[in-house]
Amino acid sequence: MATQQVSDDDLAAQPVGYWTGMAYESIIAFIRARQAELGLTQPQFWLLRHLSKNDLSSDGHGMTIPELEQAMKSYLRREDDLEAEAKLLLERGCLTRDGEGRWWITDSGEEARVHLKQHAPAIRARIHEGIDDADYATTVRVLQQMIHNTGG
């Protein structure tokens with residue numbers, strides 16, 4: 001996609017909500033497509049990460065779907081169905097479920113998590129292509145200030 005040259009004054013007048021929303025949707029779609037090519041949906045990857053003692057789980061203990069939803073509440077999307085995703089991982093042998101409804105990662109699930117996580121730097125690099133670290137840091141600082149300014 002060609003980017004039209006726009007003056008700084010014109011860019012400064014554009015609505016941030018529109019551009020942050022467009023960026024969010026585009027980036028999430030890109031990440032989800034790359035992860036699906038590697039064999040996991042993004043919610044499946046999150047499940048594995050939250051259940052792995054080698055990643056986000058501090059103790060490696062199983063968790064219920066409500067506990068997992070609570071842990072992921074800041075980034076789950078409306079369409080994400082953790083119960084359905086966990087059942088698919090169960091069928092693949094990546095998760096097990098105990099009699100109390102707690103989900104546990106298996107060795108196969110750990111292998112799948114590690115495999116996808118190895119590709120994360122390449123996915124990030126593609127998203128950051130053509131953007132130097134200083135510009136990225138400035139963008140994040142600006143967004144953080146806007147969040148602060150709006151009470152977030």
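Observations, loosely collected:
- Cα-centre dipole for the chain with unit charges at Cβ (Lys and Arg positive, Asp and Glu negative), debye to 20: 240
- Positive-end residue, the range 11-152 charge dipole about Cα centroid, Cβ charges, pick of G109, L51, V142: V142
- Per-residue packing, averaged as other Cβ atoms within 10 Å, sorts the ranges 115-128, 84-97, 17-30 into the order 84-97, 115-128, 17-30, beginning with the highest.
- Computed over all pairs of different Cα atoms, the Kirkwood value for the hydrodynamic radius of the chain is 17.8 Å.
- Note on the chain: helix-only mean residue ellipticity at 222 nm, from DSSP H runs of 4+ residues weighted -39500 (n - 2.57) and normalised by residue number, equals -19000 deg cm²/dmol.
- Per-peptide average of other Cβ atoms within 10 Å, ordering 136-148, 66-78, 102-114 highest first: 102-114, 66-78, 136-148
Bear in mind that the values in this text are calculations on the coordinates, not laboratory data. Here the structure is a predicted model, which means the values were calculated and not measured. We place every Cβ from the backbone using ideal geometry, glycine too, and count neighbours over all the protein chains shown.
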